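The values are calculated or read from the model by the stated rules, or taken from the named source; none is laboratory data. Note that the structure is predicted; figures quoted are calculated from it, not measured. FYI the Cβ positions are ideal-geometry reconstructions off the backbone, even for glycines, and counts take in every protein chain you see. The area values use the complete protein model at the heavy-atom level, side chains included, leaving out ligands, DNA and RNA. Shrake-Rupley method; radii C 1.70, N 1.55, O 1.52, S 1.80 Å.
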Amino acid sequence: MNSNFPSNITYPFFRLMIAFSAGIFISDRLLPDSFPVWILLAALGSSFVGLFLSYFHSQKFYSRKCFGVFVVLVFMFGGTIWTDWRAQQLQFNWPEKSLLYEGTVLEYPSLTDKTYACKVYVEKYYDDSLRLVTPVHREVLLYAVRDSLEDRPDIGAKLQFYAQLEPPSTPPYLSFDYARYLYYRGITATGLAYRGHWKVDTTAPEDLTCRQYALQCREKLADRLKCSGLFPEVLAVTSALLLGEKELLTEDIKTAFNAAGVSHVLAISGLHIGIIYFILSLVLRPLLFLPAGKWLHTIGVLFALWFFAFLTGLVPSVVRAVCMTTAYLLSSLLIGQRSSTWHVLYLTAFLMLVYQPFYLFDVGFQLSFAAVFSILLFYPFFRSKLPSGNTLLKYLYDTIAVTLAAQVGTFPLICCYFGTFPLYFIIGNIFVAPLVVLIIILALLVLVVSYIPIVQCWIVLCFNYLSTFFVNGISFIASLPYANIVNVGVTPLQAVFLFIILFTAYQFCRFHRPGTLIVLLLGLNLFGLLKWRQTVASDASPRILFYNREVYYQNGSNTEQLVPYNAFVLSRGGVLTGKLSEDCRNLYTEKTPLQLDYLFLCRGFKGDLNDLKRLFVFKKLVMDASLPVSQQMRLAEQCKNSQTDYVSIEKNAVYAVPIKKQFY
């Protein structure tokens, strides 16, 4: 396996993938929404013209260089135009009022405290005032308040609901861009349907897609596991490890796996596909001794892998891994020799970005390909530094080398997205690697022999004890001192510099070139400068945030929702805020009005400014966007007449109040 990174960048698909990815990034992050498409089309056309001209003069060295440049430009502008077109398909002008919508449930709804979270493909809406039926054809996320008269919406079922749909917005208490997260998954709007405002068609769904059939199969397998007699904790881990079902996982289990550095085990992906591939290769090995045995063996393995992907619901992480395995096996079979894994990696990434350009910003996509890339690059280097030995030591050293290689490549992304780093990840992976293989084999056996109760009973007994030992071992590793280092978050730009530092350090360790050392030192200095600026910025004054009928306290990167310590008064940072969402005229008051800094009025408030001044003495009146417009206008007029300071928050906007730090 060639691990020389500079030679690998000469692979054609690497250049095409980088150019196409650059076009996606430019379209999504740099170009404004109103950027003229004709400019991009003109740039693409000019690149094509230059490509053809340089091709017919390719005998000259200069023309050959120009040909390569124009190829890169064609794919870059092609990625930009393709991403812009896909983004246009997600745009829709949603009516600013509640209407009757009709659509189809795409996935099994997840349960929240009071609602069903349904991913719905909205087909049309009815506007009785205009007597119009308007086609929509967009995906939305609907929160349907649970109703005892309505069953849980089934996948593929027709759903009618009365609600107001709005483009997603990001609450201030979230550390990531929730609106963009939904946007990348094709969700164009969110809405809330109250009890009695939604109805499910009870007829059996028809015309299900392949993925919906796959999700139904996964649900049936999950039900079969639930009826097999597994311990609750074992059932939760097995459902996540084998089927990707994470709803049963408790916060304690998630925290333990994260702290032990083995959370990837719970996200069914390349590791699980590798184990299934290893099992299938052994089971189907006798096919190699038949005529055309290599073809039969490869086709059998691929069929079984895609069948397993189907049973797991065709989740993107599994599809990525199976696609990469398929490309590798088919190319090796057709070429007649072992294909380059670098070619397979670049080709798979390129094709997946062509299929869905927004995969570029998906955390799972980035971690998956970063891990594979890092293993291909760093594993030979780390393995060469470890001694060889007998079978047991070889397994131990191979596990250490693979774990180190994968962790190095994903370290910047883990710090960027999660802000934590597991210190004992090597110990955790050495512990789980053999057990995961046994657990997957036993879990498959539990499903296969489910129709033979006596045999299943003994397998379940062994499976429960093995899985309990598995979970307890991970919990022990997570409980060790300093198991999980927190608050190591970096910005995306800092993560880029971390990648540069890691790869240049690797190149310097291999080749000891002075130029590489200069780049390494420069990268370290720039990274340190960026971290210093981040520290200075995080030292800014804390703020009180008013957003969507709630009040938050923000200090640096930490944001928490404030809870009233009595009926309606919130206090934090020396600031007293009164929050009213009821009829203030019924409130009891003493002779002396209550002293407040801010008075926050939300939907449900009844009264006027005189009622408020009878009860409170406040510096500023804050009106939430949930108040009716007519009520906001009336209160604003009263504030102007009485020279009372006020602010009216626009829809999906945040009103921030900086407060001075207090030193004790």
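Do you know which residues across the stretch 376-399 are over 27 Å from F14 (Cα atoms), part of a helix (DSSP H, G or I), open to solvent by 30 Å² or more (accessible area, probe 1.4 Å) and out of contact with any Ser or Thr (no Cβ under 9 Å at 6 or more places or on another chain)?
First, the residues of the stretch 376-399 that are over 27 Å from F14 (Cα atoms): 385-399.
Next, from what is left, pick out any that are part of a helix (DSSP H, G or I): 385, 391-399.
Now restrict to residues that are open to solvent by 30 Å² or more (accessible area, probe 1.4 Å): 385, 391-398.
Hits for the stretch 376-399 are K385, T391, L392, L393, Y395, L396, D398.
Please go through the stretch 238-254 and give me each residue that is outside any helix (DSSP H, G or I) and either open to solvent by 40 Å² or more (accessible area, probe 1.4 Å) or hydroxyl-bearing (S, T, Y) (or both), ordered by number. Explain how you work it out, then say what you get.
At the first step, the residues of the stretch 238-254 found to be outside any helix (DSSP H, G or I) are 244-250.
K246, E247, L248, T250 - these are the residues of the stretch 238-254 that are outside any helix (DSSP H, G or I) and either open to solvent by 40 Å² or more (accessible area, probe 1.4 Å) or hydroxyl-bearing (S, T, Y) (or both).
Take the conditions surrounded by 15 or more Cβ atoms within 10 Å (Cβ to Cβ) and under 23 Å from the mean Cα position of the chain (by Cα) and apply them to L367. Does it pass? Quick ask: steps written out before the conclusion?
Details: surrounded by 15 or more Cβ atoms within 10 Å (Cβ to Cβ): yes; under 23 Å from the mean Cα position of the chain (by Cα): yes.
It is true that L367 is surrounded by 15 or more Cβ atoms within 10 Å (Cβ to Cβ) and under 23 Å from the mean Cα position of the chain (by Cα).
If you check R533 against the conditions, is it out of contact with any helix residue (DSSP H, G or I) (no Cβ under 9 Å at 6 or more places or on another chain) and more than 22 Å from L413 (Cβ to Cβ)?
Numbers: out of contact with any helix residue (DSSP H, G or I) (no Cβ under 9 Å at 6 or more places or on another chain): yes; more than 22 Å from L413 (Cβ to Cβ): no.
So R533 does not fit the description; no.
Looking at the stretch 453-467 only, could you name the residues that are open to solvent by 80 Å² or more (accessible area, probe 1.4 Å), closer than 18 Å to A222 by Cα and without any contact (Cβ under 8 Å) to a residue 24 or more places away in the chain?
P453
In the stretch 328-340, what count of residues is obtained for those that are in contact with a helix residue (DSSP H, G or I) (Cβ under 6 Å, 6 or more places away or on another chain), open to solvent by 30 Å² or more (accessible area, probe 1.4 Å) and not basic (K, R)? Show your work before the answer.
Our first condition is that a residue be in contact with a helix residue (DSSP H, G or I) (Cβ under 6 Å, 6 or more places away or on another chain); within the stretch 328-340, this holds for 328-329, 333, 338-339.
The next check asks that each one be open to solvent by 30 Å² or more (accessible area, probe 1.4 Å); those that pass are 328, 338.
Applying the additional criterion that residues be not basic (K, R) yields 328.
Qualifying residue count for the region: 1.
Only one of these is part of a helix (DSSP H, G or I), within 22 Å of the chain's Cα centre (by Cα) and buried (at least 20 other Cβ atoms within 10 Å of the Cβ): F373, F358. Name it.
Working: F358 fails: buried (at least 20 other Cβ atoms within 10 Å of the Cβ).
Just one listed residue meets the conditions, F373.
Can you tell me which condition T410 does not meet? The list is (1) over 24 Å from G473 (Cβ atoms); (2) modelled with pLDDT of 85 or more; (3) touching a helix residue (DSSP H, G or I) at 6+ places or on another chain (Cβ under 8 Å), and all the others hold.
(1)
Only residues that are open to solvent by less than 30 Å² (accessible area, probe 1.4 Å) and either among the charged types (D, E, K, R) or in contact with a Gly (Cβ under 8 Å, 6 or more places away or on another chain) (or both): list them for the stretch 400-431, please.
Scanning the stretch 400-431 gives Q407, C415, G419, P422, F425, G428, N429.
Among the residues of the stretch 107-118, which ones are assigned to a loop (DSSP other than H, G, I, E, B) and either modelled with pLDDT of 90 or more or of a type in the set (V, I, T) (or both)? Steps first, please.
Taking the stretch 107-118 and keeping what is assigned to a loop (DSSP other than H, G, I, E, B), we get 107-109, 112-114.
T112 - this is the single residue of the stretch 107-118 that is assigned to a loop (DSSP other than H, G, I, E, B) and either modelled with pLDDT of 90 or more or of a type in the set (V, I, T) (or both).
Just give me the residues in the stretch 312-351 being within 22 Å of the chain's Cα centre (by Cα) and farther than 19 Å from A371 by Cα, in sequence order.
T312, G313, L314
Looking at Y125, Y121, Y55, which one is at pLDDT below 90 and among the hydroxyl-bearing types (S, T, Y)?
Y55
Are there any strands (runs of 3 or more DSSP E) wholly within the stretch 155-217 with 3 or more residues that are of a type in the set (A, V, I, L, M) and touching a helix residue (DSSP H, G or I) at 6+ places or on another chain (Cβ under 7 Å), and if so which?
Details: elements: 158-163, 187-193, 198-200.
In the stretch 155-217, there are no strands (runs of 3 or more DSSP E) which contain 3 or more residues that are of a type in the set (A, V, I, L, M) and touching a helix residue (DSSP H, G or I) at 6+ places or on another chain (Cβ under 7 Å).
Test R131 against the criterion of being open to solvent by 50 Å² or more (accessible area, probe 1.4 Å) and under 27 Å from the mean Cα position of the chain (by Cα), and give yes or no.
Values: open to solvent by 50 Å² or more (accessible area, probe 1.4 Å): yes; under 27 Å from the mean Cα position of the chain (by Cα): no.
Taking the combined requirement at face value, the residue does not satisfy it.
Please state which one of F257, F278, F310 is at pLDDT below 85 and either outside any loop (DSSP other than H, G, I, E, B) or farther than 20 Å from A222 by Cβ (or both). Reasoning before the result, please.
Working: F257 fails: at pLDDT below 85; F310 fails: at pLDDT below 85.
Step by step, each of F257, F278, F310 is checked, and only F278 is at pLDDT below 85 and either outside any loop (DSSP other than H, G, I, E, B) or farther than 20 Å from A222 by Cβ (or both).
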